[in-house]
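As structure tokens, the structure follows; a few thoughts come after it.
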Amino acid sequence: MAPRSVFSVEDTEQYQYVLQNFRIAHEKVEEQRVQLEEQEQQVAQLRARIELLEGPGLQIPGGTVDDFSIKNGASQLDKLINRWASDIIRQPPSPLDRICEAALNDIVNGVEVAGNFSGTPMQAQCLLRHALAETISEGFINCLIVTNSKEANIQLTRIHEHIFARDPTVAAVWRRQTFSAAVESCTPDMTHNILTEQIPHITHLLTGVLPFTVLESAYHFSRMLHGTAGSGDPFYRAFVPELGSTLFPRQIELVKRCLKNERGELDRVGCTMFPGLVKVGLDNVHTVVRRAQVICECAMNPSSL
């Protein structure tokens, strides 16, 4: 019988270092496993409480939001945006070309298409509306505004995205519970911070005539969308077609005649006057509830026809 081989491991500093790292890695893996189990338990508990929170098949009067309420609220907000932009152009606090320049610097792809704008009153008004549409979309609707803390709102938005990806039904209940404790209104500091983050150039240029009333209405509109959801309600998101992008009839609604389109020619988005709204159902199907209000390029530059 062959002699059994004997292996010896030298207890060196390198060996101890490797062993220690292995133990640390093992402990981290175990911690993650425990955390995942706890998350699964929490999701299960939330699902179990849905019946207690709403009751099976129970419809709470005024507890959910319908498409008509959304369109009505959007229409009122649209009027406030138009009034603010019109007042700016009627009595501009700065030259119109500077207003256009500030708006183009704030708009997502504004610098890329700046050559299409000459600084006319109509263009300045439309660019202000587009910039405000992006602010409302990203600053209020696509980010859950629950507190007056930017960091807390970002964290809550991430938590919701995580829950929604795992279970949209639980996410709907979570949203309604969370918004039941939301602030009644945004503080001036919070609103100013959102403006500074979303449209810094316009905020600096139009310091004395900033759209605080518009954004207060935008907050209440967002709260209506997210805070009145029942367990079967979808999640709402906003979208703003970019300047110069293709006109998709299912996503946009022209607020002025497009002569190029009527002649069968290709035209593009001149400005977005109000963001579109999409509801994401429990089956992850996206449905446009309200098309984005858009003015085409040829209507923005009638002299080019």
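All of the numbers you see were taken from the coordinates with simple rules; none came from a lab. Nothing here was measured: the structure is a model prediction, and the numbers come from that model. Cβ sites come from the backbone with ideal geometry, for glycine too, and all protein chains shown count toward neighbours.
Taking the Cα centre of the range 69-123 as origin and charging only Cβ (+1 Lys, Arg; -1 Asp, Glu), how large is the dipole, in debye to the nearest 20? Before the final figure, lay out the partial values.
Working: 5 positive and 6 negative charges, 64 e Å.
Computed about the Cα centre, the dipole is about 300 debye.
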Given +1 on the Cβ of Lys and Arg, -1 on the Cβ of Asp and Glu, and no further charges, what dipole in debye does the range 65-234 carry about its Cα centre, rounded to the nearest 20?
240 debye
Can you list the residues, at least 5 places off or on another chain, whose amide H is less than 5 Å from the amide H of ARG290, using H built in the peptide plane?
LEU277
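Given the peptides 179-188, 28-37, arrange them by the average over their residues of other C-beta atoms within 10 Å, most packed first. Please report the intermediate quantities before stating the final value.
Working: 179-188: 13.7, 28-37: 10.0.
Order by mean packing, descending: 179-188, 28-37.
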Note down the nm distance, to one decimal, between modelled labels 7 Å out along Cα→Cβ at ARG158 and at GLN39.
1.2 nm
Net charge within 13 Å of ASP189 by Cβ-Cβ distance, Lys/Arg positive one each and Asp/Glu negative one each, not counting ASP189 itself?
0
Determine which lysines satisfy two conditions relative to LYS71: a Cα distance under 17 Å, and not lying fewer than 8 residues away in the same chain.
LYS79, LYS279
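Using the Kirkwood formula on the Cα atoms of the range 65-234, what hydrodynamic radius do you get, in angstrom to one decimal? Mind dumping the intermediate values first?
Details: mean 1/r = 0.0588 Å⁻¹.
Evaluated on the range 65-234, it is 17.0 Å.
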Report the label-to-label distance for GLU184 and GLN251 in nanometres (one decimal), using points 7 Å from each Cα along the Cα→Cβ vector.
4.0 nm
Amide H within-cut-off set for ARG268, under 5 Å, with H built and near neighbours excluded:
GLU297, CYS298
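Dipole size in debye (nearest 20) for the range 147-299 around its Cα centre, Lys and Arg Cβ +1, Asp and Glu Cβ -1?
340 debye
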Nearest-0.05 FRET efficiency for LYS28 and ASN301, computed from C-beta distance (R0 51 Å):
0.30
One finds the C-alpha centres of the range 132-171 and the range 207-229 to be spaced, in Å, by 14 Å
Listed residues LEU225, SER137, SER118: farthest to the positive end of the dipole of the range 65-234 (Cβ charges)
LEU225
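Of the peptides 284-294, 127-137, 67-77, 103-113, how do they stack up when ordered by the mean number of other Cβ atoms within 10 Å, highest first? Write down the numbers at each step before the final one.
Values: 284-294: 17.2, 127-137: 26.2, 67-77: 14.8, 103-113: 18.7.
For the peptides 284-294, 127-137, 67-77, 103-113, the packing ranking is 127-137, 103-113, 284-294, 67-77.
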So if each residue of separation counts as 0.36 nm, and I subtract the Cα-Cα distance between THR213 and HIS192, what length gain in nm does that give?
6.4 nm
